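Have a look at the structure below, then the notes.
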Amino acid sequence: MAASAISNSLLSSPSPPPPYRPTFAWSPSRSQVNLRSTAFRSYPTLFTTRSSLDAANDTKQDTPIELRYAAFPTVMDINQIREILPHRFPFLLVDRVIEHNPGVSAVAIKNVTINDNFFPGHFPERPIMPGVLMVEAMAQVGGLVMLQPEVGGSRENFFFAGIDKVRFRKPVVAGDTLVMRMTLIKLQKRFGIAKMEGKTYVGGEVVCEGEFLMATGSE
């Protein structure tokens, strides 16, 4: 009888509660996760992330503007340029060479200032650098490529022979810096003719481009 009573008491006892399983609810409109259950009160959890780019931007903002931008490198200064090009004031239109591969290509800059002698007449009310002078400046950079022993050019018999496909994309004004790239694309030493491709940039945008012919024949 005693064993039967114990058995009946075990069979009649309530079953154990199910395991605890919290439920999750996603609220995308508020970008948070709510954890809800009957065991405890739910609290919103907010996540904030910061990337290395944010830290870099903060550092840049803390740096004074005059210290944020590096100067162009100097591969040739104005004195070295004068040793190669025969041009002189007011027609020397290259201030500095920042990249130079003799007989292949060159990148140079021209700082455009309101003191340039062409601005009073072009135009008095709206100073704009003449397009023909941009072309001339690019041709002078081409001269820095060609007047090298690797090419066989000589300042005594080097001439600007022609231009093709020239386009002016944007006006150039005082305060701009022309960044001019000239690249040799074809050289015919037998005939003394060189064909070059040129592009000029201001602030990373093309303002002038075209194809140039240079002659290395006799006068």
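Could you order Arg82, Arg68, Arg126 by accessible surface area, starting with the largest, using a probe radius of 1.4 Å?
Numbers: Arg82 100, Arg68 80, Arg126 150 Å².
Result, largest first: Arg126, Arg82, Arg68.
Between region 153-212 and region 89-119, how many Å separate their Cα centres?
12 Å
Could you order Glu205, Glu83 so the one with the most accessible surface comes first? Probe is 1.4 Å. Don't skip to the answer; put the middle values down first.
Numbers: Glu205 95, Glu83 135 Å².
In descending accessible area the options line up as Glu83, Glu205.
Nothing charged except the Cβ atoms of Lys and Arg (+1) and of Asp and Glu (-1): what's the magnitude of the dipole of region 101-184 about its Cα centre? Round to the nearest 20 debye.
On the way: 8 positive and 7 negative charges, 62 e Å.
Computed charge dipole of region 101-184: roughly 300 debye.
Probe 1.4 Å, all protein chains in place: accessible area of Arg169 in Å², nearest 10?
Ignoring ligands and nucleic acids, Arg169 comes out at about 130 Å².
In sequence order, what are the phi-derived ³J(HN,Hα) couplings for region 165-178 according to the Karplus relation 6.51 cos²θ - 1.76 cosθ + 1.60 with θ = phi - 60°, rounded to whole Hz, with x for glycine and proline?
Calculated HN-Hα couplings, in order: 6, 7, 9, 10, 8, 8, x, 10, 10, 4, x, 7, 10, 7 Hz.
In a Debye calculation with equal point scatterers on the alpha-carbon sites of region 59-152 and no solvent, what is log10 I(q)/I(0) at q = 0.13, 0.21, 0.23 Å⁻¹?
-0.57, -1.03, -1.13
Could you give the radius of gyration (one decimal) and Dmax (whole number) of the Cα atoms in region 75-125, in Å?
Just the Cα atoms of region 75-125 yield Rg and Dmax of 13.2, 42 Å.
Protein chains only, probe 1.4 Å: how do Ile114, Ile163 rank by accessible area, largest first? Mind dumping the intermediate values first?
Values: Ile114 100, Ile163 80 Å².
Result of the area sort, largest leading: Ile114, Ile163.
The values are calculated or read from the model by the stated rules, or taken from the named source; none is laboratory data. Quick caveat, the model's predicted, so the values are computed rather than measured. Neighbour counts are summed over all protein chains in view; Cβ atoms, including those assigned to glycine, are modelled from backbone coordinates with ideal geometry. To get the accessible areas, we keep the full protein, side chains included, count just its heavy atoms, and leave off ligands, DNA and RNA. Shrake-Rupley method; radii C 1.70, N 1.55, O 1.52, S 1.80 Å.
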